[in-house]
């Protein structure tokens with residue numbers, strides 16, 4: 001299996017969540033851009049590569065068993081501490097357009113299993129992400 005960088009893996013996670021329902025909304029795309037611009041994990045990331053990485057991920061997803069391939073690449077590329085970060089990024093993107101669709105929920109659960117995120121840790125990350133998007 002081809003090795004990718006941790007930055008690429010994190011971008012792939014955000015792209016697959018955004019594309020899970022068949023459409024990447026403007027809010028999701030803005031969230032991906034904002035997250036890569038502001039989070040410390042992306043401090044040395046070349047943001048000029050963001051579009052190319054998103055296109056690469058989309059191309060892999062079009063292949064047979066593409067999602068499994070992407071999840072395998074992500075798991076292989078991410079050290080243990082960044083796996084929780086990846087899960088949180090998936091939640092952020094899914095919640096960014098305020099409509100988490102069933103396809104996104106299923107994908108996030110598949111990501112949790114693929115990365116070996118404990119259910120209690122996942123629940124804590126989910127609650128924190130939901131709290132960040134609460135209004136009134």
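Where a number appears in this text, it was derived from the coordinates with a stated rule and is not lab data. What you see is a predicted model; the values in this text were computed from it and never measured. We place every Cβ from the backbone using ideal geometry, glycine too, and count neighbours over all the protein chains shown.
A few remarks follow.
- Once both labels are positioned 7 Å from their Cα atoms along Cα-to-Cβ, the gap between residue 47 and residue 30 label points is 1.5 nm.
- Binning all Cα-Cα separations of segment 43-83 at 5 Å, short to long from zero, yields these whole-percent fractions: 5, 21, 20, 25, 21, 7, 1.
- Segment 6-132 pair-distance distribution - Cα-Cα, 5 Å bins, rounded %: 2, 11, 24, 26, 23, 11, 2, 0
- Segment residue 65-residue 80, length gained on full extension (0.36 nm per residue, minus Cα span): 3.0 nm
- Helices in the chain, meaning DSSP H runs of at least 4 residues, each add -39500 (n - 2.57). Divided by all residues, the mean residue ellipticity at 222 nm is -23000 deg cm²/dmol.
- Take every Cα pair under 8 Å whose residues are at least 6 apart in sequence, average their separation, divide by the length of the chain, and the relative contact order is 35 percent.
- Take the convex hull of the alpha carbons in segment 1-67; its mean projected area over all directions comes to 4.6 nm².
- Tensor-based shape of segment 74-136 (alpha-carbon gyration tensor, a/c under 1.5 rounded, otherwise prolate or oblate): prolate
- Part-to-part distance (alpha-carbon centres) for segment 102-136 and segment 27-92, which is given in Å: 16 Å
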